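**Student:** Here it is, the structure, as structure tokens.
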Amino acid sequence: MATTVEDISSTKKRLKIEIPADILEKEYSDSLSKIRQRARIPGFRQGKTPINIIEKRFGDEIKSEMLEKLVPTYYAQAVKDADLSPVTMPKIEEGLDFKRNEPLTFSLTVEVRPKIDNLNYTGIKVKDIEVSVDDKEIEDTVKGLQNDRAMFDAVDREIREDDLLIIDYQKLDPTGEHELSTAKDQVINLGNKLTPRGILDAVLGKKKGDTVEITLPETDSTELQDEPEKGNKLRISVKEVKEKKLSELDNEFAKDFGHESLDTLKEKIREGILAAKQGNAKKQQKSKVVDALVDTHTFDVPESLTLAELEHLIMNEKAADKPMQHTEANAPEKTDEELAGMLRPKAMKNVKATIILDEIAEKENISVSEDEMKDRIALIAKQLQATPEAIVNLFITRDGSLDNLRHNIREEKVLDLLLTKAEIIKGA
């Protein structure tokens with residue numbers, strides 16, 4: 001096999017590959033013989049059909065199948081011999097013209113991972129991040145657990161901000177004469193801070209059996225109207241008022257969470273908060289290490305990877321902006337072109353970081369075992385309250401394989417390694 005590599009750029013190569021005539025002829029002749037043995041041609045015994053008839057009938061099919069087999073094989077060998085790491089599928093520049101007893105020469109272009117000169121990832125300076133847990137954080141967490149376990153008892157008094165209400169409501173047109181919708185026995189928890197201010201103000205101080213009516217702001221698809229009194233009306237009837245009752249913070253409370261005493265529960269809470277803070281601190285340090293690697297290594301980035309990452313970032317940006325469109329109705333939505341211009345530097349940085357981390361993984365022989373894959377899938381399944389099989393199906397449906405998950409785990413292992421090789425500066 002003869003191969004030449006032309007540098008179109010540091011990230012794009014043209015490969016000219018020649019498959020020798022003897023290899024092609026042997027493959028073609030062998031295929032003809034195999035088909036001759038099994039073909040049933042009228043007028044001839046099986047296996048005795050003249051080879052020229054077999055070639056006339058099946059020649060084009062044999063050539064097509066032969067090229068489908070040989071071209072990828074020789075391309076893979078050429079890439080290996082040239083020590084290239086493709087990041088896209090190759091593009092054949094011209095049609096493949098196979099002729100018997102002649103070599104097959106073809107050219108293709110492919111984007112490749114760039115070589116990184118003088119890759120250095122040891123001794124990167126990062127600040128030490130000290131973390132601690134104070135008593136207030138523990139007490140706030142305990143109070144949160146206490147609040148989650150609260151019970152509600154019916155009371156006969158005026159409504160307060162932490163109460164739970166059972167209500168019926170009617171939604172009426174602006175005249176108050178035509179009913180638009182209705183619902184009964186609806187629950188409103190005033191203590192969760194999610195109740196709209198207008199409703200909260202209307203019901204505070206009221207009692208069971210009272211009815212209040214508020215005017216809803218009239219809206220269209222772009223902005224709030226200037227005359228809210230023209231909006232639809234909401235009529236609320238209070239059927240029941242319930243007061244929050246908190247459990248005593250004692251050892252019995254702790255036992256509900258699997259601990260023998262309140263002190264033991266608080267210690268576990270402290271350990272959990274500390275572990276979370278330490279994990280966040282390491283995440284920040286790893287981010288700084290990656291920033292340093294990107295800043296200190298200069299190389300070109302494959303355009304196809306940049307465009308793919310840019311598309312991903314634009315999609316995420318649009319998804320994040322959707323909730324804001326309801327609160328910032330007058331803010332114009334950014335076009336894809338505007339988002340691309342804004343996010344392109346980030347996309348290039350992300351791709352550079354991935355290329356660097358992949359290079360380090362190869363140099364350090366970092367891989368992901370099947371056990372590590374199973375453990376991560378089991379962890380995700382537990383977090384999402386699903387089966388491992390469902391998680392595998394989720395990844396395959398979304399990504400086509402588990403390769404992205406495997407890559408993410410390998411990247412995490414590389415980052416862990418980098419942090420052990422970093423120089424942690426204390427007191428900075």
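**Student:** Report the one residue of S9, G59, F299 whose Cα lies farthest in the direction of the positive end of the charge dipole of the chain (charges on C-beta: Lys and Arg +1, Asp and Glu -1; origin at the Cα centre).
**Tutor:** It is G59, whose Cα lies furthest towards the positive end.
**Student:** Something else: Can you give the accessible area per residue of the stretch 4-128, in Å², using a 1.4 Å probe?
**Tutor:** Result: 63 Å² of accessible area for each residue.
**Student:** Could you sort T397, T3, T211 by their accessible area in this structure, using a 1.4 Å probe and putting the largest first?
**Tutor:** I get T397, T211, T3, largest accessible area first.
**Student:** Using Cα-Cα distances under 8 Å and only pairs 6 or more residues apart, what relative contact order does the chain have, in percent?
**Tutor:** Over the chain, the number comes to 16 percent.
**Student:** State to the nearest 20 debye the size of the charge dipole of the stretch 158-300 about its Cα centre, where the only charges are +1 on K and R beta carbons and -1 on D and E beta carbons.
**Tutor:** Roughly 640 debye for the stretch 158-300.
**Student:** Where the Cα atoms of the stretch 44-155 are projected onto their three principal axes, how long is each span, largest first, in whole Å?
**Tutor:** Principal-axis extents of the Cα atoms in the stretch 44-155, largest first: 98, 56, 25 Å.
**Student:** Now for a different question. Regarding the stretch 367-428, what is the average projected area of its C-alpha convex hull, in nm²?
**Tutor:** Computed as one quarter of the Cα hull surface, the answer is 5.9 nm².
**Student:** Please list 3J(HN,Hα) in residue order for the stretch 52-57, calculated via the Karplus relation 6.51 cos²θ - 1.76 cosθ + 1.60 where θ = phi - 60°; whole Hz, with x for glycine and proline.
**Tutor:** My calculation for the stretch 52-57 gives 5, 6, 4, 5, 5, 7 Hz in order.
**Student:** May I ask you to evaluate 6.51 cos²θ - 1.76 cosθ + 1.60, the Karplus curve with θ = phi - 60°, for each residue of the stretch 398-403 and list the ³J(HN,Hα) values in order in whole Hz, giving x for glycine and proline?
**Tutor:** Along the stretch 398-403, the couplings run 7, 10, x, 6, 9, 4 Hz.
**Student:** Further question: I want to verify the translational diffusion coefficient of the chain in µm²/s; compute it with Stokes-Einstein, Rh as the Kirkwood radius over Cα pairs, at 25 °C and 0.890 mPa s.
**Tutor:** The estimated diffusion coefficient comes to 82 µm²/s.
**Student:** Could you state how much accessible area E94 has, in square angstrom rounded to the nearest 10, with a 1.4 Å probe and all protein chains kept in place?
**Tutor:** Estimated to the nearest 10 Å², E94 gives 140 Å².
**Student:** Could you give the distance between the Cα centres of the stretch 360-406 and the stretch 125-203, to the whole Å?
**Tutor:** Cα centroid to Cα centroid, the span is 38 Å.
**Student:** Something else about it: With Rg and the Kirkwood Rh both taken from Cα atoms, where does Rg over Rh land for the stretch 13-57?
**Tutor:** A ratio of 1.23.
**Student:** Now a separate question. Using helices alone, I'd like the mean residue ellipticity at 222 nm for the chain: each DSSP H run of four-plus residues gives -39500 (n - 2.57), total over residue count, nearest 500.
**Tutor:** -16500 deg cm²/dmol
**Student:** If I histogram all Cα-Cα distances within the stretch 44-106 using bins 5 Å wide from 0, what percent of pairs lands in each bin?
**Tutor:** Histogramming the stretch 44-106 at 5 Å steps yields 3, 12, 19, 21, 14, 11, 8, 5, 4, 2, 0 percent.
**Student:** Taking the Cα centre of the chain as origin and charging only Cβ (+1 Lys, Arg; -1 Asp, Glu), how large is the dipole, in debye to the nearest 20?
**Tutor:** 1880 debye
**Student:** Mind grabbing the accessible area of H407 for me, 1.4 Å probe, Å², rounded to tens?
**Tutor:** 60 Å²
**Student:** Next up: Out of every Cα-Cα pair in the stretch 100-229, what percent are more than 20 Å apart?
**Tutor:** For the stretch 100-229, the share of Cα pairs beyond 20 Å comes to 72 percent.
**Student:** Give me the percent of the accessible area of the stretch 1-135 that comes from carbon and sulfur atoms, probe 1.4 Å, all protein chains in place.
**Tutor:** Carbon and sulfur atoms account for 46 percent of the accessible area of the stretch 1-135.
**Student:** Can you count the Lys pairs in the stretch 37-96 whose Cα atoms are under 28 Å apart, with each pair 8 or more apart or on different chains?
**Tutor:** Step by step, the pairs that qualify in the stretch 37-96 add up to 9.
**Student:** Give the accessible area for E267 in Å² (nearest 10); use a 1.4 Å probe, count only protein heavy atoms, and leave out ligands, DNA and RNA.
**Tutor:** 80 Å²
**Student:** So how many Å³ per residue does the convex hull of the Cα atoms of the stretch 249-314 work out to?
**Tutor:** Once divided by residue count, the hull of the stretch 249-314 is 139 Å³.
The values are calculated or read from the model by the stated rules, or taken from the named source; none is laboratory data. The structure presented is a predicted model; accordingly, all values stated were derived computationally and were not measured. No Cβ is skipped: glycine too gets one built from the backbone with ideal geometry, and neighbour counts run over all protein chains shown. Keep in mind that these areas ignore ligands, DNA and RNA; they rest on the heavy atoms of the full protein, side chains included. Shrake-Rupley method; radii C 1.70, N 1.55, O 1.52, S 1.80 Å.
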